[in-house]
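Report on one structure; see the data block that follows.
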Amino acid sequence: MLDRTDFLIIDELSKNSRITMKELGEKVHLTGPAATARVEKLEDSGIIEGYSIQLNQVKMGYDIHAFLTIITQTINHQPYLAFLRTREQYVIHHYKISGDGCYLLECKFTSNEQMSHFLEDLNEYANYKLSIVIDEK
């Protein structure tokens, strides 16, 4: 069972996973060793599964950020999934969903031409609804 301090630790690590245990302890009113023990407990219990970095896709050259609602053409999704494995460099997230489509695909592209080529190839395996991100709020 998580307590208030665990939630404070998770909040602080979510903001900055590179924080020192001493700094973390100060923010959540624990000593450095106590903060370390709490973090290890959260890791060991599987609540904290890992640490990651956030990338600026635009600075990396990916100027187009798109969401695609995927509607597969048959009940056999394997051809679509196999196609997607060959285009992993464009995929940020891929979710199986309920509702209007079968999957929600979040993608990144360096140009309209690259996206157009991807969509033409995708259309052999699935229909889609495309949404382009204008701005992130």
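Every number here is computed from the coordinates shown, using simple stated rules; none is lab data. Being a predicted model, the structure only gives us computed values, none of them experimental. In this analysis, Cβ positions are derived from the backbone assuming ideal geometry, glycine residues included, and neighbour counts consider all displayed protein chains.
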Worksheet, complete the sentence: Residues in region 1-16 that are over 22 Å from the mean Cα position of the chain (by Cα) and surrounded by 11 or more Cβ atoms within 10 Å (Cβ to Cβ) total 4
Worksheet item: Is it true that D44 is among the acidic types (D, E) and under 30 Å from L122 (Cβ atoms)?
Response: no
